[in-house]
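Single-structure report; data block below.
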Amino acid sequence: MKNQSAICACQLQRAHTLAALGLLVLVMGCNEVLAQSAPAASNAASLQTITVTANPLGATELASPISATSGVELLLRAKSTLGETLDGTPGISSTYFGPNASRPVIRGLDGDRIRILSNGSAGSDLSGLSFDHAMTQDPLSIERIEVLRGPATLQYGGSAVGGVVNLIDNRIPREPLFDAQGGVSARADASLASGNREQAGAVMLETGTDRYALHLDTMARNTQDVAVPIALSCSRGGVTTTARRLCNSASMAWGGALGGSLFYEHGYLGVSLSSYGSSYGTVAQDEVQIGMQSQRLSLEGEVRDLQGFWQALKAQYARNEYRHTEYESGSASTQFRTHHDELRLQARHVRMGRWEGVLGLQLEGGEFFADGSEVYAPYSRTRSAAAFVHEEYRTGWGHVSAGVRLESVLVESLGSPGSASFTPASRRFNPASYALGVLWKIQPKWQLSANLSASERAPRDYELFANGEHVATNAIEIGNIGLDKERSTNLDLGANWKHGHHSAGVQAFVNQFDNFISLEQSDSSTSPPSYSYRPVRARFMGAEAHGKWRLLDGGRTIDLLMRADSVRAENTDSGQPLPRIAPLRLGASLHWAQGPWSARLGIDQIPAQDRVPDGQTATSGYSMWNAALTRRAKAGRSNLLLYARLDNLSDTLAYSATSILTQTSPGRVPLPGRSLRAGLQLSF
């Protein structure tokens, strides 16, 4: 990687908080008033159904909470990282290690407790290992994001106890895109942003007939240091400057894929090759950059409408090769490499009475290597095999779902060349997870759901074998080879209501961990301080709510959207709060549409987070305004969408309570300041 020059508190007002809470309660509690005032044609409306690709039965209704983002909504929300793109969705925040490295945090859980899928199969990078490691997916190349929370995620393993994020890009088409005459479709996106002087673009092209489909996509993004509401110092090449910019936050990213499928009467067979690379600064240090490269091979096929007991068979294979190098002042210091293979076989049996379901087998294997001056984990190898069953019993009043997953996991330390800190060792674990869920349709407008599960997760290699300084967390991290499986019991209760254009929903959850694997301070006298992985008892509990109220209907529409979430996480052994937990979050937005035009104005209100472990710093509250404007038009046979989005309209100074940098580098990494993004999307 070349060292390029391009890589180079506002307290929340109580009145605003009470107003937002009042509006949310109004949306949730006035269903009878709305039922009387809604037009008669809307009275028959039932709860909207969403097909969840990550569900093995392709179900349109799930007992567990789900959310899906695509189309214009994804276009307006998309940022340079997946975590920031999803941040603000009820129940989801982000790890925010600057604008270039950010993973989703779901219900207070992050890292390897969140399973990131690519078209239903495991993604693979090192973003779960360290907060400063970027993910290998860019929202520019994603067509749809699905988030599945709650116990139904167990079919993807104990590492999905926090949730599943499925990224869908259609690089392997599963259905014909055109008829026998064939055709071509394309989409091109281009945008500019003021806050980080971003230039971004993506192109997607698909062609084929009813017998085959070809897919091609490519993307690129280039940014400079991001604007912030406060002047910060920056030291490079022995020179210190001060500017309202986040030092070392510039980045470049590029990627693309080629894929295709052959279709036959009862199924398909597809393959894709994809590549992604990025070069970005790590905001914790002024002169450290990371150069990252990832390649992925995916094979997928399905046979449907079989005769006999098995109705459909599906197979997925993915091979990921990943590496990144960390550079200090332009010189390579540490290199990380990993490769990962996954084979997933799934068989759907015929309906037996009211029962339908799938049986599956998942085999995974990967190796990790780290070399250089800042190695804190050894070479390692992980192998796992799992069998799972997911069954659903459907009735006129709803359905019951049940699942079981049994695993065998081998984690091995292979030592490290030239380092006595790591010695060969191995541990084997046999996690088992179970779930039971019920969806009850009280009436066309109401659904109730309940889920109960018991999940187990095998410790990761770094939790077992780490032994050294981790610069990104400013700590010496010590693994614990004696760790047992992480076990949790999870309960999720929900209610959803829809009447015409009005809707509301609430979910409440509690996750009780018998031995939550926590990184706890063990020695404050060292510099940096020492932390060790220890099993503790922990409890996560909270709720999420959303509502939509159609204020005006007809030639123009105005919708009021409300959202709120809260998580309370505690180490029940010590009585201390767990770190990096978001406070109560409230949000509201008005959406207006008339003809080809649409606009929205929204606010996110975040109170202070002062419920932190002893010795950590509280985070001040803030209000963040945003706005967007879109217009659709025709350009010959093509569709044109012009859009503009204004983030942090009031240029508010704010810090993320879920970012480790708020603790390790206090005052150094605020959230981005005011930024205008404008672009266009052309499709045909």
Could you give me the ³J(HN,Hα) list for region 576-589, computed from phi with Karplus coefficients 6.51, -1.76, 1.60 and θ = phi - 60°, whole Hz, x at Gly and Pro?
-> 8, x, 7, x, 6, 10, 5, x, 3, 10, 10, x, 8, 8
In the structure shown, do any of 79/548; 79/634; 441/548 have a Cα-Cα gap over 30 Å, and if so which?
-> none
Expressed in nm², what is the orientationally averaged projection area of the convex hull enclosing the Cα positions of the chain?
-> 29.6
Ranked from highest to lowest mean number of other Cβ atoms within 10 Å per residue, what is the order of the peptides 496-504, 444-452?
-> 496-504, 444-452
Placed amide H near residue 332: partners under 5 Å, 5+ positions off or other chain = none
Mean Cβ neighbour count within 10 Å, used as a protection proxy, ranking 222-235, 522-535 highest first = 222-235, 522-535
For region 93-176, take the alpha-carbon Rg, divide it by the Kirkwood Rh, and send me Rg/Rh.
-> 0.96
Would you work out what percent of the accessible area of the chain, with all protein chains in place, is carbon or sulfur (probe 1.4 Å)?
-> 56
With the contact rule set at Cα under 8 Å and sequence spacing of 6 or more, what percent relative contact order holds for region 328-457?
-> 18
Starting from the exponent 0.38 and prefactor 2.2 Å, build the expected Rg for region 294-393 from its residue count and divide its actual Cα Rg by it.
-> 1.60
Over the chain, with neighbouring protein chains present, the accessible area per residue in Å² at probe 1.4 Å is 41
For region 380-395, Karplus couplings with θ = phi - 60° (6.51, -1.76, 1.60), whole Hz, Gly/Pro x | 8, 9, 10, 10, 9, 9, 9, 10, 9, 10, 10, 10, 9, 10, 9, 9
Note down the relative contact order for region 511-555 as a percent, whole number, built from C-alpha pairs under 8 angstrom at least six residues apart.
-> 39
Give the percent of DSSP beta bridges with both residues in the chain that are antiparallel, rounded to the nearest 5.
-> 95
For region 518-611, what is Rg from Cα atoms divided by 2.2 N^0.38 Å, rounded to two decimals?
-> 1.72
Which whole-number percent is the relative contact order of region 572-684 (Cα, under 8 Å, 6+ apart)?
-> 23
Residue-wise, which Karplus ³J(HN,Hα) couplings in Hz belong to region 125-136, taking 6.51 cos²θ - 1.76 cosθ + 1.60, θ = phi - 60°, and x for glycine or proline?
-> 7, 10, 5, x, 6, 8, 5, 8, 8, 7, 7, 9
Report the label-to-label distance for residue 335 and residue 192 in nanometres (one decimal), using points 7 Å from each Cα along the Cα→Cβ vector.
-> 3.9
Virtual paramagnetic centre 7 Å along Cα→Cβ of residue 72, amide N under 19 Å, in region 482-517 = 501-503
In whole Å, what is the distance between the alpha-carbon centres of region 149-206 and region 435-497?
-> 25
Quick calc, residue 309 & residue 389: beta-carbon distance into FRET formula, R0 25 Å, rounding 0.05, result 0.95
Between region 69-96 and region 317-378, the Cα center-to-center distance that results, in Å = 23
Per residue and in cubic angstrom, what volume does the convex hull of the Cα atoms of region 313-463 have?
-> 158
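The values are calculated or read from the model by the stated rules, or taken from the named source; none is laboratory data. From a predicted model like this one, the values you see are computed outputs, not experimental measurements. Every residue, glycine among them, receives a Cβ derived from its backbone with ideal geometry; neighbour counts consider all protein chains shown. Each accessible area value is taken on the protein alone, full model and side chains, heavy atoms only, with ligands, DNA and RNA left out. Shrake-Rupley method; radii C 1.70, N 1.55, O 1.52, S 1.80 Å.
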